[in-house]
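Beneath this line is the structure, given in structure tokens, with notes to follow.
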């Protein structure tokens, strides 16, 4: 945990730009491979930010460097700063587990834990020290309701999570991420493995959730980005090419690369 | 043409395997059942094994195999977990994995000889239930280590990522998630080791010895079913041979029901497992 003294030290390095998450000169290397090249950007609070760009441009790497999941990759090296409300998450004093509680993540493929529906949602609160059954019950119910899954599972909370359909599993994963009360929700192509109806449910859920959470979505699907995003970040070959309000980027992009990408010249 | 040939070869292989299994099972059942009676299960042997029952061997086998499995599981399961989690980073883990591999290739009679030297003589346990169980545990250990290791290595990384992304530490991931996913496999490893141990005669010949009574303590000698089969079939009396078949039948039923139980448990515990 942070003492008040170390907090003061950290505040010296406060970012100059405002935003829920502020990235300054972020570089990521996998061995000798330079994957993210000197990214600097501010992510607005309580909006949906879509990260778009062709395959292999570093979208997922960028997302994973926002909650330090990138450190789990063997040979990954990160330089630069990522501020979460002014706190540099890569500062040596900061505990990665604490950051991951504040910055939740939803993955490309639904990845339920090998336990019941209830235990999946209660897993996070439990490892963070909540033992009281009543508190847990309430958290599980609220989280499942927020993820729009409660009515479908309320009578079968003890069933294995794997007994749910793919779309339900993904909403369960969202509920699980919400249960630890995060501030930011990172989503890595959350609808890539789902059917259109399940995808639509997740999309409307994202629009719903942005009232409470800052949401960052990696997506391959431009139509989806247009439907859900308030802010858009375009990455190409590990570089930040253009970013701005969604209407601006989609109606009047400035960079030629962005124009070509939006026109479908490459994907 | 090639496909037909391969199919034919596979069919022959299947028939040979199933044929042997069937011949053994039917023969044991035919001869064993005719010699089997209630007194066989609940009485001690009399008159040098020509009369009475096999209670000494049944109880001895259960004690020795259970103890051996308890010993080997309490070392083998953590060892397998450790190897699976740290093989890339730890030299000890790699050494342990290699040792388990070598150990699993050693003939069981060699375990018997060294069990005798180490447990019976050097550690002064005498020919006893304990010495037999420890020797058998050494034989079961590599099975449990290897199967546990394989199961844990198969736990998909996306499950671990899910837990890590919620703020779990490495230890929490291992103790609360990885193990949950691997439990059916680990349970299978343990039951497999039990079944293997229950069928062994060679490691016990010099270590647990043989006795016509049920063991009264850990340090008294104990009989077991495989050795009962061996000793009875060597006797020059036809009535002893019938009892050997009865012992073989009981042993087979024991091992088969163990296998069946492990399948049932596996199914039950796999309910929550992510595929």
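Bear in mind these aren't lab numbers, they're just calculated from the coordinates by the rules spelled out. Bear in mind the structure is a predicted one, so any value in this text is a computation, not a measurement. So basically every Cβ, Gly included, is an ideal-geometry build from the backbone, and we count neighbours across all protein chains shown.
Express the Stokes-Einstein translational diffusion coefficient of chain A in µm² s⁻¹, to the nearest whole number, given a Kirkwood radius over alpha-carbon pairs, 20 °C and a viscosity of 1.002 mPa s. D, rounded to a whole number, is 111 µm²/s. Note on residue B:256 and residue A:220: the model spin-label points, each 7 Å out from Cα along the C-beta direction, lie 5.1 nm apart.
Need the full-extension length gain, residue B:270 to residue B:20, defined as separation in residues times 0.36 nm minus the C-alpha distance. One decimal, nm.
Values: separation 250, 0.36 × 250 = 90.00 nm, distance 3.15 nm.
In short, 86.9 nm is gained.
From the P(r) of region B:181-259, can you give the percent of Cα pairs sitting at distances over 20 Å? Tail fraction, whole percent: 43. Per-residue extension of 0.36 nm, minus the Cα-Cα distance of residue B:39 and residue B:70, leaves a gain of 8.2 nm for this segment.
In percent, what relative contact order does chain B have, based on Cα pairs under 8 Å that are 6 or more apart in sequence? Walk me through the intermediate numbers first.
On the way: 393 pairs, mean separation 72.9, N = 275.
About 26 percent, as a whole number.
Rounded to whole Å, the principal axis extents of the Cα atoms in region B:84-162 read 52, 23, 21, largest first. How far apart, in nanometres, would the label points at residue B:175 and residue A:265 be if each is projected 7 angstrom from Cα along the Cα-to-Cβ direction? According to this spin-label approximation, the distance is 5.6 nm. Largest mean-square fluctuation among A:191, A:79, A:61, in a Gaussian network model of chain A whose springs join Cα atoms under 10 Å apart, belongs to A:79. Sorting A:173, A:57 by the number of Cβ atoms found within 10 Å of their own Cβ, with the fewest placed first, yields A:57, A:173.
Once Rg and the Kirkwood radius are both taken over the C-alpha atoms of region B:32-96, their ratio Rg/Rh works out to 1.39. The radius of gyration of the Cα set in region A:68-220, together with its Dmax, comes out at 15.7, 48 angstrom. A straight line joining the Cα centroids of region A:48-105 and region B:1-70 runs 59 Å. The convex hull defined by the C-alpha atoms of the protein assembly as shown has an orientation-averaged projected area of 35.6 nm².
Panel note: the C-alpha atoms of region A:169-267, placed on their principal axes, show extents of 42, 28, 23 Å (largest first).
Taking neighbour Cβ counts within 10 Å as the exposure measure, how do A:230, A:188 sort from fewest upward? Please report the intermediate quantities before stating the final value.
Details: A:230 16, A:188 20.
Least to most surrounded, the residues fall as A:230, A:188.
Given a Förster distance of 35 angstrom, what is the FRET efficiency for residue A:248 paired with residue A:74, based on the Cβ-Cβ distance and rounded to 0.05? Before the final figure, lay out each step's value.
Details: r = 39 Å, r/R0 = 1.12.
Computed FRET efficiency for residue A:248 and residue A:74: 0.35.
Modelled spin labels at residue A:195 and residue A:30, positioned 7 Å past Cα toward Cβ, are 3.3 nm from each other.
Summary of the geometry: region A:181-198 and region B:243-271, compared by the centres of their Cα atoms, lie 46 Å apart. For chain A, adding -39500 (n - 2.57) for each run of n ≥ 4 DSSP H residues and dividing by the number of residues yields -10500 deg cm²/dmol at 222 nm.
Using all pairs of distinct alpha-carbon atoms, the Kirkwood hydrodynamic radius of region B:36-272 works out to 19.1 angstrom. Computed on the Cα atoms alone, the convex hull of region A:85-141 gives a volume of 130 cubic angstrom per residue.
Averaged across the residues of A:114-125, what count of C-beta atoms belonging to other chains lies within 10 Å of each residue's C-beta? Intermediate values should be presented prior to the final figure.
On the way: counts 18, 7, 2, 0, 0, 3, 2, 0, 0, 7, 6, 1.
Other-chain Cβ atoms within 10 Å of each residue's Cβ, averaged: 4.
Ordering A:237, B:205 from the fewest to the most neighbouring beta carbons within 10 Å gives A:237, B:205.
Using a Gaussian network model on chain B with a 10 Å cutoff between Cα atoms, which of B:92, B:64, B:118 fluctuates the most? In this elastic network of chain B, the residue with the biggest mean-square fluctuation among B:92, B:64, B:118 is B:92.
Using the alpha-carbon atoms, what tilt in degrees (0 to 90, nearest 10) does helix B:238-269 show relative to the longest principal axis of chain B? Result, in degrees: 20. Comparing B:211, B:61, B:157 in a Gaussian network model of chain B where C-alpha atoms under 10 Å apart are linked, the largest mean-square fluctuation is found at B:157.
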